[in-house]
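Written out below as structure tokens is the structure these notes cover.
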Amino acid sequence: MTHVTTAEGPTGSVTARVPAKVNLQLSVGPLREDGYHDVVTVYHAVSLFDEVTVTGAERTSVVVTGEGGPAVPLGPANFAVRAAVALARATGRRGKGSGGVQIEIRKRIPVAAGLAGGSADAAAALVACNELWRTGLSTGELAEVGARIGSDVPFALTGGTAVGLGRGERLTTALVSGTYHWVLAFGATGLSTPDVYAACDRLRAARRGKDGKPPVIPEPQLSTGLMAALRSGDPVAVGPLLSNDLQPAALSLQPLLRRALQAGKEHGAHGAIVSGSGPTCAFLAKNASAARDLAVAVTGAGVCRAVVQVSGPAPGASVVESGAVA
Ligand code: C5P
């Protein structure tokens, strides 16, 4: 670990690790005036992690390596950069040299995959900068800063399994027993979250009732059945209760995803669902060895770009290496 003392003050490096998420339930309400949708979602963090290292620097910059790295923007639109800048502002570190960081993102979470990889990188940057700068914000305070960057950032900070309301940013921890074993099947190309929400609105508007009017979209409700199954810790009970209102929209944009879902079910998944806005498909297995067999079978079916085996719930963004200098 290198510690550098610059003219502006001491610097160091901090690395944070952050999980991907799948949505065990994603119920989408009507379009709001601000362009978002109210959701009721059950987030579940899984053991597929990005790592973000921040090093004190005069100016903020970012490099990205790993899974989908070339697709990640390197300018001010980068989620980790936005997070670092937002935290520097929120904590008054705006002077020359004091709020700059060199950011290195090592990606394993694919981009535009429905796994909240961008929000994960923002959450990791918040946690790492908070440690580097010794700014001492609580997870709740970091979540307030992060929610302005992406709806999934607060969950990436907390991890575990949690119910998300509002845009998804208002969280309550869910009571869950046991460990869940998943196979994730990555799509060949990504899907843009706004495009999938827009396709969802279009599909709903096209579903006219007998009176020729578009249907009234009900307020989303938390599935009590799913919550009870999660408390019981039984994947066989959880599997059929997984639900995602965005799935028809993701399938309309990438019809080949049907084949991936079908392959997962045929090879023994107890639940098969598009994760978030897709195109990643998440398959729930009975246990770790069933997940290994399922991963091999789904790979053999040739219906996706790559397959990984993960488990959840995983912890939220946390510092794994710190050379921060007070
Ligand atoms: O908050 P985030 O950056 O993840 O949102 C990206 C886009 O996804 C939003 O601009 C919006 O189009 C859509 N979205 C939505 N309702 C949500 C979350 C996201 O419509 N609850």
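In bins 10 Å wide, starting from 0, what share of all Cα pairs of the range 135-251 does each bin hold, as a percent?
The distribution over the range 135-251 is 11, 29, 37, 19, 4, 0, given as percents.
About the Cα centre, and with charges only on the beta carbon of Lys, Arg (+1) and Asp, Glu (-1), how big is the dipole of the range 115-173? Nearest 20 debye, please. Kindly include the intermediate steps, with their values, before the conclusion.
Numbers: 4 positive and 6 negative charges, 18 e Å.
Here the range 115-173 has a charge dipole of around 80 debye.
Rounding to the nearest 10 and keeping the result within 0 to 90°, find how far the Cα-based axis of helix 288-301 lies from the longest principal axis of the chain.
Tilt relative to the chain: about 80 degrees.
With θ set to phi - 60°, apply the Karplus curve 6.51 cos²θ - 1.76 cosθ + 1.60 along the range 114-129 and write out the HN-Hα couplings as whole Hz, x wherever there is a Gly or Pro.
x, 10, 6, x, x, 5, 4, 5, 5, 5, 5, 5, 4, 5, 5, 5
Measure of size requested: the Rg and Dmax of the range 75-214, with Cα atoms as the atom set and Å as the unit; please supply both.
When restricted to Cα atoms, the range 75-214 yields Rg and Dmax of 18.3, 64 Å.
Using alpha-carbon pairs under 8 Å, 6+ residues apart, how would you state the relative contact order of the chain in percent? Provide the component values of the computation, followed by the final result.
Working: 808 pairs, mean separation 86.8, N = 326.
Relative contact order of the chain: 27 percent.
Could you sort out which of LYS21/LYS286; LYS21/LYS265; LYS210/LYS265 sit more than 31 Å apart by Cα distance in this structure? Please report the intermediate quantities before stating the final value.
Working: LYS21/LYS286 19 Å; LYS21/LYS265 21 Å; LYS210/LYS265 35 Å.
Checking Cα-Cα distances, LYS210/LYS265 exceed 31 Å.
Loop only by DSSP, 12 or fewer other Cβ within 10 Å of the Cβ. Give me the trypsin sites (Lys or Arg not before Pro) in the range 92-144 that pass, ordered by residue number. Mind showing how you got there, number by number?
On the way: sites: ARG93, ARG94, LYS96, ARG106, LYS107, ARG108, ARG134; in loops: ARG93, ARG94, LYS96, ARG108, ARG134.
Answer in residue order: ARG94, LYS96, ARG134.
Mind listing the Cα extents of the chain along all three principal axes, in Å, largest one first?
That works out to 70, 48, 36 Å along the principal axes.
Would you tell me the accessible area of GLU144, worked out with a 1.4 angstrom probe on the heavy atoms of the protein chains, in Å² to the nearest 10?
Roll a 1.4 Å probe over it and GLU144 shows about 130 Å².
In square angstrom, rounded to the nearest 10, how much accessible surface does ASP50 have for a 1.4 Å probe?
It works out to around 0 Å².
Round to a whole number: what % of the accessible area of the range 65-222 belongs to carbon and sulfur, probe 1.4 Å? Write down the numbers at each step before the final one.
Values: 3960 of 7310 Å².
Heavy-atom surface of the range 65-222 belonging to carbon and sulfur, 1.4 Å probe: 54 percent.
So what's the back-of-envelope 222 nm ellipticity for the chain, counting only DSSP H runs of four-plus at -39500 (n - 2.57) apiece and dividing by all residues, rounded to 500?
Working: 10 runs with 101 residues, N = 326.
Helix contribution divided over all residues of the chain: -9000 deg cm²/dmol.
What residue among ALA291, ALA198, ALA263 shows peak mean-square fluctuation when the chain is described by a Gaussian network model with Cα springs under 10 Å?
ALA198
For all pairs of alpha-carbon atoms in the range 39-112, what percent lies in each bin of width 10 Å, listed from the first bin to the last filled one?
18, 43, 28, 10, 1
If amide hydrogens are placed 1.01 Å from N in the peptide plane, which non-local residues have theirs closer than 5 Å to the one on GLY233?
Residues meeting the criterion, in which the H sits 1.01 Å from N, are SER177.
Where only protein heavy atoms count, and the probe is 1.4 Å, what is the accessible area per residue for the chain in Å²?
Numbers: 14250 Å² over 326 residues.
Counting only protein heavy atoms, the per-residue value for the chain is 44 Å².
Sort 72-78, 119-125, 307-313 for me by packing, meaning the mean count of neighbouring Cβ atoms within 10 Å per residue, highest on top. It would help to have the intermediate numbers written out before the result.
Values: 72-78: 14.6, 119-125: 33.7, 307-313: 20.9.
Packing proxy ranking, top to bottom: 119-125, 307-313, 72-78.
When ranked by the protection proxy of mean other Cβ atoms within 10 Å per residue, highest first, what sequence do the peptides 154-161, 267-274, 252-259, 216-223 form? Let's see the in-between values first.
Details: 154-161: 25.5, 267-274: 22.5, 252-259: 15.1, 216-223: 13.1.
Taking the mean over residues of other Cβ atoms within 10 Å, the ranking is 154-161, 267-274, 252-259, 216-223.
Quick query: amide H of SER61 versus all other amide H atoms, modeled in the peptide plane; which residues come in under 5 Å with a sequence gap of 5 or more or a different chain?
VAL101, GLN102, ILE103
Calculate the dipole size of the chain relative to its Cα centre from +1 charges on Lys and Arg beta carbons and -1 charges on Asp and Glu beta carbons; express the result in debye to the nearest 20.
Details: 29 positive and 24 negative charges, 102 e Å.
Rounded to the nearest 20 debye, it is 500 debye.
Placing +1 on the Cβ of each Lys and Arg and -1 on the Cβ of each Asp and Glu in the chain, which of LEU261, SER223, GLY136 has its Cα farthest towards the positive end of the resulting dipole?
It is LEU261, whose Cα lies furthest towards the positive end.
Straight-line reach from LYS107: which aspartates and glutamates have Cα under 16 Å away, leaving out those fewer than 8 places along the same chain?
Leaving aside aspartates and glutamates fewer than 8 places away in the same chain, those within reach of LYS107 are ASP50, GLU51, GLU67, ASP121.
Pop out the Kirkwood hydrodynamic radius of the range 181-326 from its pairwise C-alpha distances, inverse of mean 1/r, in Å to one decimal. Don't skip to the end; give the middle numbers.
Values: mean 1/r = 0.0584 Å⁻¹.
About 17.1 Å for the range 181-326.
Rounded to the nearest 20 debye, what is the charge dipole size of the range 79-199 about its Cα centre when +1 sits on each Lys and Arg Cβ and -1 on each Asp and Glu Cβ? Display every interim value, and only then the final one.
Values: 12 positive and 8 negative charges, 82 e Å.
For this selection, approximately 400 debye.
Cα-based Rg (one decimal) and Dmax (whole number) for the range 199-274, in Å?
Every Cα atom of the range 199-274 included, Rg and Dmax give 15.5, 45 Å.
Between LEU74 and VAL296, 0.36 nm times their residue separation minus their Cα-Cα distance comes to what?
Values: separation 222, 0.36 × 222 = 79.92 nm, distance 3.52 nm.
Length gained, LEU74 through VAL296: 76.4 nm.
With all protein chains present, how much of the accessible area of the range 226-307 (probe radius 1.4 Å) comes from carbon and sulfur, to the nearest whole percent? Mind dumping the intermediate values first?
Working: 1820 of 3400 Å².
That fraction is 53 percent.
The values are calculated or read from the model by the stated rules, or taken from the named source; none is laboratory data. Note that the structure is predicted; figures quoted are calculated from it, not measured. Glycine also receives a Cβ, built like all others from the backbone with ideal geometry; neighbour counts cover every protein chain displayed. What goes into the accessible areas is simple: the full protein's heavy atoms, side chains included, and nothing from ligands, DNA or RNA. Shrake-Rupley method; radii C 1.70, N 1.55, O 1.52, S 1.80 Å.
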